[in-house]
1. Run through every distinct alpha carbon pair of the chain and return the Kirkwood hydrodynamic radius in angstroms, one decimal place.
2. Among bridges DSSP assigns within the chain, what percent are antiparallel (round to 5)?
3. Could you work out the relative contact order of region 3-188, using alpha carbon pairs under 8 angstrom and six or more residues apart, expressed as a whole percent?
4. Just to verify a number: FRET efficiency for L67 and L125, C-beta to C-beta distance, R0 = 41 Å, to 0.05?
5. Taking only Cα atoms and a 10 Å spring cutoff, compute GNM fluctuations for the chain and point out the largest among L84, L35, L19.
6. On C-alpha positions alone, give me the angle between the axis of helix 118-127 and the longest principal axis of the chain, in degrees, nearest 10.
7. Based on DSSP H runs of at least 4 residues, each adding -39500 (n - 2.57), what is the mean residue ellipticity at 222 nm of the chain after dividing by all its residues, to the nearest 500 deg cm²/dmol?
8. Can you figure out the FRET efficiency of R96 with D58, using R₀ = 22 Å and their beta-carbon distance, to the nearest 0.05?
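Just so it is clear, none of the values below were taken in a lab; they were calculated from the coordinates. Just so you know, these numbers come straight off a predicted model, no measurement behind them. We place every Cβ from the backbone using ideal geometry, glycine too, and count neighbours over all the protein chains shown.
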Amino acid sequence: MTMRVAVAASGRGSNLEALLRVLEADAPARVVLVLSNRSDAGALSSARALGVATEVLDDPSSADEWLERLTRHRVDLLVLAGYLKLVPPGVVSRYRDRIVNVHPALLPAFGGPGMYGRRVHEAVLASGARESGATVHLVDEVYDRGAVLAQGRVPVLPGDTPETLAARVLAVEHRLLPAVVLAAAAAGHPVPLPETVESTP
Ligand code: GRF
């Protein structure tokens, strides 16, 4: 049976595009809905261009609103791909262990409230860390705390800026997230990936 996936995104949606590229017609998972808290999110345009249903949340803090939309589209798995707000606890408890998030650092380092986008990479560079990467994890009631399903590592290079590091990490996100979704579809629920995805030179 095909796993029905909803993707929530607040921004440009390159992770959504990576997922849509991998999930071809005969894939075991299909993106049936793209949700956003912002009506101008690039992710919504990408979805519409491919005929994927889109919904803009009127009140992203309303569990009832989320659940009505997820139920109506018969969603099995919710993927947060650059979704910048907290998912209401009522949604987390109803979709327990069926919500995954991609984070642009090696959790548990450089996660938590306020740690998103450029700030993550600035913090990594300021710390002097020699490597960074991407993490896909289960979502629970606390930002960036749920069980890790997969990580991919990249080196931090001399002269890196938040932008160059972000681009290196994003390339890993684009491989890691589809791999986790495909593994979830095969198992019927999200599972840890057996191997870490390494960066390509
Ligand atoms: C990604 O780096 C994701 O990890 C972070 O926000 C960025 C979203 O990028 N949370 P995109 O919207 O998928 O292009």
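1. One decimal place: 16.8 Å for the Kirkwood radius.
2. 40 percent
3. 21 percent.
4. 0.55
5. L84
6. The two axes meet at around 30 degrees.
7. For the chain, the value works out to -10500 deg cm²/dmol.
8. 0.35
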